[in-house]
Amino acid sequence: MAENQSYYVPEQSKWPIIATVGLGVTLYGVASIMVNAQQGESTTGSWVMFFIGALIMAYMLFGWFGSVIRESRAGLYSPQMDRSFRWGMIWFIFSEVMFFAAFFGALFYVRVFAVPWLGGEGDRGSSNMLWEGFQATWPLIQTPDPQAYPPAEATIGPWGLPLVNTILLVTSSFTITVAHHALKAGNRAKVKIWMIATILLAIGFLVLQAEEYVHAYQDLNLTLESGIYGSTFFMLTGFHGAHVTLGTLMLFIMLMRVNKGHFTADSHFGFEAAAWYWHFVDVVWLGLFVFVYII
Amino acid sequence: MYLIFSFTMFLLGGTMAMVIRAELFQPGLQIVQPEFFNQMTTMHGLIMVFGAVMPAFVGLANWMIPLMIGAPDMALPRMNNWSFWLLPCAFLILVSTLFMQGGAPNFGWTFYAPLSTTYGPPSTTFFIFAVHIMGISSIMGAINVIATILNLRAPGMTLMKMPLFVWTWLITAFLLIAVMPVLAGVVTMMLMDINFGTSFFNAAGGGDPVLFQHVFWFFGHPEVYIMILPAFGAVSHIIPAFSRKPLFGYASMVYAVGAIALLSFVVWAHHMFTVGIPITGQLFFMYATMLIAVPTGVKVFNWVATMFRGSLSFEAPMLFAVAFVILFTIGGFSGLMLAIAPADFQYHDTYFVVAHFHYVLVPGAIFGIFASAYFWLPKWTGHMYDETLAKTHFWLSFIGMNLAFFPMHFLGLAGMPRRIPDYALQFADFNMVSSIGAFMFGATQLLFLLIVVKCVKGGKEAPAKPWDGAEGLEWTVPSPAPYHTFATPPEVK
């Protein structure tokens with residue numbers, strides 16, 4: 001690349017406005033679905049709105065990222081631009097970490113303060129007067145008000161499905177690293193194999209996680225409405241699962257790009273960004289495994 | 001674009017404030033019903049915080065940071081554009097809630113659960129998504145700022161040579177990325193509680209309404225620093241320019257901003273002293289909060305020291321900047337009073353708190369924005385603004401603002417609670433004074449609109465550097481700044 005390449009400033013682009021319209025319509029649609037459902041009204045129109053919004057978003061993602069990929073492959077990006085992308089991805093992942101931190105924080109507060117106080121321990125133990133006889137345990141099988149929040153019959157033990165999922169995800173972090181090294185060595189066939197392995201492991205994780213949810217809902221009566229244990233369990237694992245889905249999609253797209261001949265041994269930031277995101281998802285799972293399942 | 005949007009939102013939020021003050025002008029319910037009054041107080045807060053102050057500073061950042069560091073544009077310009085367009089989208093959704101069945105959010109801009117979850121109107125779900133969109137906009141904007149500042153500085157511009165406005169924005173951006181996701185988290189928990197039967201904030205299921213407050217204020221406290229740090233940066237440019245002296249103590253100013261930002265993460269529960277947190281917690285948060293006064297004091301000292309023995313002139317930017325230093329300090333003093341937990345037991349949720357935050361936000365953030373606008377309007381438009389009109393804007397704003405908010409200190413100490421549409425008779429006189437001041441302040445902003453429009457359309461031609469004491473790369477490019485500047489970066493010694 002040129003020695004003192006000037007920084008590429010793109011021309012005016014239509015994608016931001018399209019993205020805005022897409023996101024606005026999608027979220028307005030989701031809100032309408034929820035509000036209409038709450039009020040017992042028809043949600044068909046809202047679902048239509050949501051799907052239209054989602055289609056606009058998909059169109060935008062292909063278009064915008066397409067532009068970036070084209071510009072990159074045309075050699076318009078200096079090393080400085082590459083650093084901008086790296087900083088961007090790192091800080092984006094940091095913001096996602098903070099998002100999960102909010103939920104882990106809630107879990108911590110509930111387990112260390114709220115539930116013990118309701119059970120009569122500690123500085124605010126007078127809270128026990130609200131529901132006499134409430135026992136503070138964790139996992140919280142018996143909620144303070146079982147009428148309002150019917151409790152689950154049991155919780156998900158860590159050493160069954162969740163352990164398998166842990167092994168799947170940790171292994172997938174290894175496989176993606178092997179793929180990365182292969183890419184740096186220029187061995188494209190090897191890259192494809194190890195990427196496919198990673199994606200298969202990811203899909204395995206998602207399938208098992210879905211099974212776990214079905215088991216929880218149907219057999220254990222462990223739902224979102226099962227008091228604070230159900231709330232935090234599904235919130236944390238649910239958002240994690242959503243991020244795994246996004247990560248898998250990203251990996252799949254990178255695999256498609258490898259197939260199309262994109263990326264060189266030196267220049268493959270798209271791949272690296274997806275790999276970083278994948279490692280982030282794996283680390284969050286380890287946190288979940290310890291704090292939601294085991295302890 | 002950000003600045004036009006912000007100003008529009010400012011006028012909208014201001015109109016709502018006018019409705020509030022009109023109702024509070026006299027005891028008794030004259031103009032609006034309590035339900036609508038609550039919507040006005042809530043929306044006034046939301047629009048001012050998220051629609052006026054934050055976008056204004058982001059707008060200033062987008063324009064000035066590249067100019068100040070010698071970059072052609074922000075690091076990721078298209079993402080930047082998306083950040084902007086998301087704001088009108090979010091506010092369209094938010095303002096549309098006024099017209100939905102059940103009305104707009106009416107639970108205060110801090111939307112505590114369970115008032116907002118169990119007892120909120122149906123529009124609350126839309127409010128939540130609007131907040132999500134604003135959050136996405138802010139996070140992407142902040143990522144862009146960090147990437148730009150860390151990556152695109154002209155060669156030779158080390159971090160400790162950066163202008164203060166750039167430093168304060170670097171730190172603000174870090175705060176934004178750290179806490180906006182937490183806001184997203186709390187608002188999502190609300191959404192789940194409202195629509196999916198979870199019990200995050202409901203003790204019947206083992207949750208806790210106080211959990212809401214903890215998570216919200218973990219976001220909320222850094223948020224108010226996000227709203228003021230850029231103003232600190234701007235004032236650190238303006239005072240040296242009009243004192244014709246370099247900023248006193250550059251390094252200590254940088255460290256002070258860093259210290260304030262770091263401390264801002266560990267003081268959130270000073271908004272919760274009366275909620276029943278254990279005494280150990282109260283003591284910790286009290287001491288930590290009082291500690292923030294130290295770096296802030298350093299900054300105030302340095303601004304004054306910059307002016308000391310300087311060759312002073314008082315054009316509009318300087319008037320606003322000096323008023324900022326004095327009035328923000330008054331706001332800081334009332335904040336220190338609030339930090340003292342046992343004293344806060346009396347002040348909490350009274351008009352004393354309203355006085356405090358309006359003193360730090362209006363002469364703080366808003367005057368900071370006005371000062372910045374006057375300072376950099378010549379650079380943006382190529383014309384000088386009308387100095388006489390600007391000074392009029394200043395004096396009327398200054399008097400109006402003090403009339404509006406100073407009596408609130410006394411009202412709060414006398415016991416007038418917040419967020420009430422009607423009040424006991426002993427509070428009547430000060431309320432009347434406050435309303436008059438508010439009307440005066442509000443009307444004056446229309447004058448500001450006139451000044452800005454007039455300046456955009458024409459006026460005395462501005463040179464590249466209209467202020468003889470000003471320093472910085474932005475003054476080396478012509479006024480108005482060309483569409484793309486610094487295609488090749490300049491050398492910085």
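At a glance:
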quantity	calculated
Candidate set: segment A:144-164, residues that are part of a loop (DSSP other than H, G, I, E, B) and more than 14 Å from chain B (Cβ to nearest Cβ); chosen: the one surrounded by the most Cβ atoms within 10 Å (Cβ to Cβ)	A:ILE156
Every residue from segment A:219-243 that is assigned to a loop (DSSP other than H, G, I, E, B), surrounded by fewer than 23 Cβ atoms within 10 Å (Cβ to Cβ) and not acidic (Asp, Glu)	A:LEU220, A:ASN221, A:THR223, A:LEU224
Residue among B:GLY206, B:GLY185 that alone is facing another protein chain (nearest Cβ under 8 Å), free of Cβ contacts under 8 Å to residues at least 12 places away in the same chain and of a type in the set (Gly, Ala, Ser)	B:GLY206
Extreme residue, surrounded by the most Cβ atoms within 10 Å (Cβ to Cβ), among residues of segment B:59-73 that are within 9 Å of chain A (Cβ to nearest Cβ) and out of contact with any His (no Cβ under 6 Å at 6 or more places or on another chain)	B:ALA71
Hits in segment A:23-58 (condition: more than 18 Å from B:PHE127 (Cα to Cα) and either at pLDDT below 90 or in the same structural domain as A:MET256 (by TED's automatic domain parsing) (or both))	A:GLY40, A:GLU41, A:SER42, A:THR43, A:THR44, A:GLY45
Filtered residue count, segment A:165-187, keeping only those that are surrounded by fewer than 14 Cβ atoms within 10 Å (Cβ to Cβ) and either closer than 28 Å to A:PHE233 by Cα or under 22 Å from the mean Cα position of the chain (by Cα) (or both)	1
When residues of segment B:306-336 are limited to those that are small (Gly, Ala, Ser) and more than 14 Å from B:ILE238 (Cα to Cα), the one surrounded by the fewest Cβ atoms within 10 Å (Cβ to Cβ)	B:GLY332
Residue that is nearest to the other protein chains (Cβ to nearest Cβ), among those in segment A:11-43 that are out of contact with any helix residue (DSSP H, G or I) (no Cβ under 9 Å at 6 or more places or on another chain) and over 29 Å from B:ASN81 (Cβ atoms)	A:GLN39
Residue list for segment A:142-176, filter: touching a residue at least 24 places away in the same chain (Cβ under 8 Å) and of a type in the set (Asp, Glu)	A:GLU153
Test for B:LEU150: is it surrounded by fewer than 17 Cβ atoms within 10 Å (Cβ to Cβ), under 20 Å from A:SER95 (Cα atoms) and either without any contact (Cβ under 8 Å) to a residue 24 or more places away in the chain or within 11 Å of chain A (Cβ to nearest Cβ) (or both)	yes
Single condition A:GLY133 does not satisfy, out of (1) exposed (fewer than 14 other Cβ atoms within 10 Å of the Cβ); (2) within 8 Å of chain B (Cβ to nearest Cβ)	(2)
Positions within segment A:194-243 being closer than 27 Å to A:THR137 by Cα and hydroxyl-bearing (Ser, Thr, Tyr), in sequence order	A:TYR213, A:TYR217, A:THR223, A:SER226, A:TYR229, A:SER231, A:THR232, A:THR237
Residue within segment B:161-174 that is facing chain A (nearest Cβ under 10 Å), touching a residue at least 40 places away in the same chain (Cβ under 8 Å) and more than 20 Å from B:VAL257 (Cβ to Cβ) present	no
Residues within segment B:285-305 that are farther than 30 Å from B:MET318 by Cβ and not hydrophobic (A, V, I, L, M, F, W, C), tallied	2
Boolean, A:LEU208 is farther than 30 Å from B:PHE196 by Cα, within 22 Å of the chain's Cα centre (by Cα) and touching a residue at least 12 places away in the same chain (Cβ under 8 Å)	no
So A:PHE85, is it hydrophobic (A, V, I, L, M, F, W, C), out of contact with any helix residue (DSSP H, G or I) (no Cβ under 7 Å at 6 or more places or on another chain) and under 27 Å from B:LEU183 (Cβ atoms)	no
Segment A:61-82 residues that are more than 20 Å from A:ALA265 (Cβ to Cβ), paired with ones that are assigned to a helix (DSSP H, G or I) and among the polar types (S, T, N, Q) (beta carbon under 8 Å, 6 or more apart)	A:GLN80/B:ASN151
Selection status of A:TYR229, over 24 Å from A:ALA102 (Cα atoms), within 14 Å of another protein chain (Cβ to nearest Cβ), within 22 Å of the chain's Cα centre (by Cα) and not acidic (Asp, Glu)	no
Any hit, segment A:104-115, residues being over 30 Å from A:ASP219 (Cα atoms) and surrounded by fewer than 16 Cβ atoms within 10 Å (Cβ to Cβ)	no
So B:PRO478, is it under 18 Å from B:THR350 (Cβ atoms) and modelled with pLDDT under 90	no
Selection count, segment B:60-111, where residues are closer than 30 Å to B:PRO417 by Cα, outside any loop (DSSP other than H, G, I, E, B) and under 22 Å from the mean Cα position of the chain (by Cα)	3
B:GLY197 in contact with a Phe, Trp or Tyr (Cβ under 6 Å, 6 or more places away or on another chain) and at the interface with chain A (Cβ under 7 Å from one of its Cβ atoms)	no
Pair list, Cβ under 9 Å, 6 or more apart: segment A:93-108 residue facing chain B (nearest Cβ under 8 Å) and touching a residue at least 12 places away in the same chain (Cβ under 8 Å), other residue buried (at least 18 other Cβ atoms within 10 Å of the Cβ) and not in a helix (DSSP H, G or I)	A:ALA106/B:PHE200; A:ALA106/B:GLY207
Per-region count, segment B:212-223, residues under 19 Å from B:THR124 (Cα atoms) and facing chain A (nearest Cβ under 7 Å)	1
Test: residue in segment B:98-121 that is more than 9 Å from every other protein chain (Cβ to nearest Cβ) and closer than 14 Å to A:LEU27 by Cβ	no
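Table: residues versus (1) farther than 20 Å from A:MET98 by Cα; (2) surrounded by 24 or more Cβ atoms within 10 Å (Cβ to Cβ); (3) in contact with a Pro (Cβ under 9 Å, 6 or more places away or on another chain); (4) without any contact (Cβ under 8 Å) to a residue 12 or more places away in the chain.
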site	(1), (2), (3), (4)
B:GLY135	no, yes, yes, no
B:VAL145	no, yes, no, no
B:MET192	no, no, no, yes
B:PHE196	yes, no, no, yes
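Conditions tested, residue by residue: (1) among the aromatic types (Phe, Trp, Tyr); (2) part of a helix (DSSP H, G or I).
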site: A:PHE174; (1), (2): yes, yes
site: A:THR177; (1), (2): no, yes
site: A:HIS180; (1), (2): no, yes
site: A:PHE205; (1), (2): yes, yes
site: A:HIS215; (1), (2): no, yes
site: A:THR245; (1), (2): no, yes
site: A:PHE263; (1), (2): yes, no
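The values are calculated or read from the model by the stated rules, or taken from the named source; none is laboratory data. Predicted model only: the values in this text are computed from it and were never measured. Don't worry about glycine lacking a Cβ; one is built from the backbone with ideal geometry, like all the others, and counts go over all protein chains shown.
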